[in-house]
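Undergrad: For reference, the structure I am asking about is given below.
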Amino acid sequence: MKLSKSEFLSLSGMEHNTLNAWIEEEWLLPSGSSVDLTFSEIDIARAQLIRDLQADFGVNDEGVGVILHLVDQLYGMRSTLLELRHAVRVTSE
C-alpha cells in the first residue's frame, strides 16, 4: 500500500518537521520525488521503531542511526539467506 505524505503523517502521528528531519537523516527512505513522496507500511513500522527507540529506550540520534543501519544489514542478510536456501533447494532437486 502506497501512502501520500499527508496520509503518512496522519497514520504515524508525526509532525511535518520531524518527518523532514528523519528523511534528511535517511532514517526513512520514501519513494518518489521530493515533491511527490510516497510511503509504505514498512515506513510506518520504521517510524514507530524510531519513536520507540527514542522515547522508551532513550536512544540518541547517533544511536538511532547505528541501530537502523544494523537492522538494514540484518534484513539484507536475511534476504540473501532466503535466496541461498532457495538456490540450494532448486539445485538438489
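The values are calculated or read from the model by the stated rules, or taken from the named source; none is laboratory data. Just so it is clear, the structure is predicted and the values come from calculations on it, not from any experiment. Reconstructed Cβ throughout: ideal geometry from the backbone, glycine too, with neighbour counts over all protein chains shown.
Here's the yes/no breakdown for (1) of a type outside the set (Phe, Trp, Tyr); (2) in contact with a His (Cβ under 8 Å, 6 or more places away or on another chain); (3) within 17 Å of VAL64 (Cα to Cα):
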position: SER4; (1), (2), (3): yes, no, no
position: GLU15; (1), (2), (3): yes, no, no
position: THR18; (1), (2), (3): yes, no, yes
position: TRP22; (1), (2), (3): no, no, yes
position: GLU25; (1), (2), (3): yes, no, yes
position: GLY32; (1), (2), (3): yes, no, no
position: ASP43; (1), (2), (3): yes, no, yes
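Undergrad: Quick one: count up the residues across the range 46-93 that are in contact with a helix residue (DSSP H, G or I) (Cβ under 8 Å, 6 or more places away or on another chain) and at pLDDT below 95.
TA: Going through the range 46-93 one residue at a time, the tally reaches 0.
Undergrad: Looking only at residues that are farther than 24 Å from ASP61 by Cα and modelled with pLDDT under 95 in the range 7-38, which one is farthest from the chain's Cα centre (by Cα)?
TA: It comes out as VAL35.
Undergrad: Regarding LEU11, is this residue touching a helix residue (DSSP H, G or I) at 6+ places or on another chain (Cβ under 8 Å), more than 17 Å from LEU68 (Cβ to Cβ) and in a helix (DSSP H, G or I)?
TA: Answer is yes for this residue.
Undergrad: If I ask for residues that are of a type in the set (S, T, N, Q), within 15 Å of the chain's Cα centre (by Cα) and not in a helix (DSSP H, G or I), which ones from the range 39-93 would you list?
TA: Hit for the range 39-93 is SER40, nothing else.
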